[in-house]
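Structure record follows, encoded as structure tokens.
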Amino acid sequence: LPEKYKGSEYTVWAEFIDLALQYKPLNLGQGFPDFAAPAHVTKNLAAVAGSDEPLLQQYTRGYGHLRLVNALSKIYSPLIGREIDPKTEMITTAGAYEALYSAILGHVGPGDEVILVEPYFDCYEPMVTAAGGNCVFVPLRPTKTSGTILSSDWKLDEKELEAAFNKKTKIFLLNTPHNPIGKVFTQAELEMIAKLCKKWNVLVLSDEVYEWMVYEPYKHIRIATLPDMWERTITIGSAGKTFSVTGWKTGWAYGPANMIHNLQVVHQNNLNSINTPTQEAIARSLEEEIARRNSSDCYLVSLAKELKVKRDYMAKFFTEIGMVPTIPEGGYFMMVDWTPLASKVGLAEESDKYKDYKYAKWMTKNNKLQGIPPSAFYSPAHKNLGENYIRYCFIKKEETLKKAEQILKTWA
Ligand code: PMP
Ligand code: GLN
């Protein structure tokens, strides 16, 4: 294995997906819905597969199937407040993962620094390392430890943030709504980040895959809409999250042409193009959403309403058993402090280095309930900040959440 991949052989996903296959727990680990994707979306894919238009089964335009980039431009242009050129300011990718990879490989070189906000979606770090860059970490810290804790109570310290920037800083990697905290960055927080990025001439890579899952009264703000930020921002989205079809692995990025060009170069030397049928089906589905954009039936609006009920249900049962959830404002994960029940967990039976791994594995094996240990989302120096927590996913059927409640209440 080349040096640049050393240290990234292990991922929490490989380990916990295998663990789930072995122990068959109720799976609130890796994030994906266990209910049916919206019928119009799956019907569109079936129609594409059965279409008598033969070219729909063949390669499509490398930088993005035209019908899809056109639909994406129609969705995002009004939200960004400028006409996004679907051919030069947009690219479609194999999931948000590939958009992240192309953006990082297309901008980071040896010695460049990328600022990551901890906890961070774990793949950011190995991508930066593969590009020859170095990560600089700034943690979100909970500013409250008792009473009801909201994801907005997790904050960046302005001084710590400032100290992370220097002449070598190339990218600030933002994730809002945030995985795993569920934090939706506020206007003031984004302004603080934008000010520093402008001062140090840094570009922002904004991972907004959970953009449609924001719970009232919170609002998703795209950092690309802040003054003078379009020029330095690449924004990433995912059809998997947008339409509850994570297995389709189709994503995209948009931003100024000079920066999207760099993603196109990496992409064309990697995959060249992604699959045509899912792009066509997603395009047709987005067109349908555009047509009912202001109606409550629009999936981009209705999903968050459904999820809010699930969020509240989950937060309630964790509170009732004595664990302490951080109530998320966005996304579909909940961080829960499990340590009030630590005396009931057979921590000594597990040999992992970090307590949250011990808890997560013990619960999978003994109570058949799986979550993800958040220390996986921290740099080695800060893993202790994640150890008291477990991340549970709540984009699940009511029945699944009820079963989780039963498991926990029987045990606790
Ligand atoms: N970014 C974040 C923050 C995520 O949680 C995920 C989850 N999969 C991704 C990117 C990757 O998205 P995709 O499945 O579209 O590759
Ligand atoms: N984004 C999802 C999660 O955080 C899926 C992760 C993955 O597939 N690696 O659970």
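Collect the residues in segment 21-48 that are within 20 Å of the chain's Cα centre (by Cα) and within 15 Å of ligand 2 (Cβ to nearest atom), keeping them in residue-number order.
Asn27, Leu28, Gly29, Gln30, Gly31, Phe32, Pro33, Asp34
Please determine, by comparing only the residues of segment 109-130 that are hydroxyl-bearing (Ser, Thr, Tyr) and not in a loop (DSSP other than H, G, I, E, B), which one is nearest to ligand 2 (Cβ to nearest atom).
Tyr124
For segment 358-372, give me the residue count where each residue is over 18 Å from Phe32 (Cβ atoms) and either assigned to a loop (DSSP other than H, G, I, E, B) or within 16 Å of ligand 2 (Cβ to nearest atom) (or both).
Count: 2.
Is there any pair linking a residue in segment 221-235 that is more than 14 Å from Gly255 (Cβ to Cβ) to one that is in a helix (DSSP H, G or I) and modelled with pLDDT of 95 or more, with Cβ under 7 Å and at least six apart or on different chains, and which?
Ile221/Gln187; Ile221/Leu190
Could you check, for segment 397-409, whether at least one of its residues is under 17 Å from Ile149 (Cα atoms), within 16 Å of ligand 2 (Cβ to nearest atom) and outside the structural domain of Ile149 (by TED's automatic domain parsing)?
Scanning segment 397-409 turns up no residue that is under 17 Å from Ile149 (Cα atoms), within 16 Å of ligand 2 (Cβ to nearest atom) and outside the structural domain of Ile149 (by TED's automatic domain parsing).
Only one of (1) within 17 Å of Leu408 (Cα to Cα); (2) of a type outside the set (D, E, K, R); (3) surrounded by 14 or more Cβ atoms within 10 Å (Cβ to Cβ) fails for Ser343. Which number is that?
The single condition Ser343 does not satisfy is (3).
Given the options Ser285, Ser238, name the one that is within 16 Å of ligand 2 (Cβ to nearest atom) and either over 14 Å from Val209 (Cβ atoms) or touching a residue at least 24 places away in the same chain (Cβ under 8 Å) (or both). Let's see the steps before the verdict.
Numbers: Ser285 fails: within 16 Å of ligand 2 (Cβ to nearest atom).
Of the residues listed, the single one that is within 16 Å of ligand 2 (Cβ to nearest atom) and either over 14 Å from Val209 (Cβ atoms) or touching a residue at least 24 places away in the same chain (Cβ under 8 Å) (or both) is Ser238.
Only strands (runs of 3 or more DSSP E) wholly contained in segment 131-231 count here; list those with 1 or more residues that are in contact with an Asp or Glu (Cβ under 8 Å, 6 or more places away or on another chain) and at pLDDT 95 or above.
134-139, 169-175
Output the qualifying pairs, or none if there are none: Cβ atoms under 6 angstrom, residues six or more apart or on different chains, first residue in segment 248-262 and assigned by TED's automatic domain parsing to the domain that holds Gly62, second residue among the charged types (D, E, K, R).
Tyr254/Glu89; Pro256/Glu231; Ala257/Glu89; Ile260/Glu89
The values are calculated or read from the model by the stated rules, or taken from the named source; none is laboratory data. Everything quoted here is computed from the prediction, not taken from an experiment. Note: ideal-geometry Cβ built from the backbone for every residue, glycine included; neighbour counts use all protein chains shown.
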